[in-house]
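Have a look at the structure below, then the notes.
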Amino acid sequence: MVTAHEVGLVDQLELLPASAHPVTRDQNIVASNPLGKVPTLVNDQGLALYDSRVICEYLNELGHGHLLAKEGPLRWEALTLQSLGDGILDAALLARYENHVRPEALRWADWVKGKLDAIHTSLAQLNQHPEWFDRDFNLGLLTIGCALWYLDLRYPELNWRQNYPVLSKAATPILNRESMQQTWALKSLPT
């Protein structure tokens, strides 16, 4: 949705209700995406696209956006930041599932500890490189912004803003972008 806002395509998207869950799989999602995960985008030709990175690149191209350099070092930096943001989101979601979906008797504390450590080492890396946030807004920074938003939503106890003050300052303009604010105003995440 952030990408759609950035490239002016948000009014062309129809949002459908979905309830992605690792155990109780939403068959409406599975009908288009066998993984049963969100996001899933079905285009006008009926092609189902899934995974945020694929959908973001598709929307960027469709909207003639400039969120990803065609070549060179800035492209690789943006793609690497996109992977880092995806990794933070993956770790956060897996830890959340472990603590909130898995039956209590089966929960693995060391698994959660490992996922939270991955989040902290990623935040520490971002904290050491505020110059990355000085670039033109790109898909990598967009993904980092979404990951930080998710941490605010689901892991306020991590206090990432206080524990990583350089990152907090560097990321503020991204978190305050209109596209981010409009997207987050839409979101209702039960998991």
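Overall, the accessible surface of the chain at a probe of 1.4 angstrom is composed of carbon and sulfur to the extent of 53 percent. Mean projected area of the convex hull spanned by the Cα atoms of the chain, taken over all viewing directions: 11.3 nm². Other residues within the sphere of radius under 15 Å centred on the Cβ of PRO173, judged by their own Cβ, net out at -1 (K and R +1, D and E -1). Measuring with a 1.4 angstrom probe and ignoring ligands and nucleic acids, VAL23 comes out at about 110 Å² accessible. Close amide-amide hydrogen proximity is noted between VAL42 and LEU49, each under 5 Å apart and 5 or more residues distant or on a separate chain (H modeled in the peptide plane; Pro and chain starts excluded). With each label modelled as a point 7 angstrom along the Cα→C-beta vector, the GLU98-ASP44 pair spans 4.5 nm. Quick one: grab the alpha carbon gyration tensor of the stretch 122-167, order the square roots of its eigenvalues as a ≥ b ≥ c, and give me rounded if a/c is under 1.5, else prolate or oblate depending on whether a/b is larger than b/c. Since a/c reaches 1.5 but b/c is at least a/b, the shape of the stretch 122-167 is classed as oblate. Using only Cα atoms, locate the centre of the stretch 150-184 and the centre of the stretch 3-48, then give the distance between them in Å, rounded to an integer. One Cα centre to the other: 25 Å.
Length available on full extension from LEU186 to SER83: 0.36 nm per residue minus the Cα-Cα distance, which gives 34.7 nm.
If the viscosity is 1.002 mPa s and the temperature 20 °C, what Stokes-Einstein diffusion coefficient in µm²/s follows for the stretch 99-183 when Rh is the Kirkwood radius over Cα pairs? Rounded, D is 152 µm²/s. The HN-Hα couplings worked out from phi for the stretch 130-138 by the Karplus form 6.51 cos²θ - 1.76 cosθ + 1.60 (θ = phi - 60°) are x, 4, 4, 7, 8, 6, 4, 4, 9 Hz, whole numbers, x standing for Gly and Pro.
Mean residue ellipticity, 222 nm, helices only, the chain: the sum of -39500 (n - 2.57) across DSSP H runs of n ≥ 4, divided by residue count and rounded to 500, is -17500 deg cm²/dmol. Per residue, the chain exposes 59 Å² of solvent-accessible protein surface, assessed with a 1.4 angstrom probe and all protein chains in place.
If you bin all the Cα-Cα distances of the stretch 1-57 at 10 Å, starting from zero, the percentages per bin are 23, 53, 22, 2. Once the C-beta distance of LEU15 and LYS70 is scaled by a Förster radius of 25 Å, the resulting FRET efficiency is 0.25 to the nearest 0.05.
Lysine pair count for the chain (Cα-Cα distance under 28 Å; residues 8 or more apart in sequence or on different chains): 8.
The values are calculated or read from the model by the stated rules, or taken from the named source; none is laboratory data. This one's a predicted model, so the numbers in the text were calculated from it and none came from an experiment. Virtual Cβ from ideal backbone geometry, glycine too; neighbours counted across all protein chains shown. When the accessible area is computed, the model is the full protein with side chains, heavy atoms only, and any ligands, DNA or RNA have been set aside. Shrake-Rupley method; radii C 1.70, N 1.55, O 1.52, S 1.80 Å.
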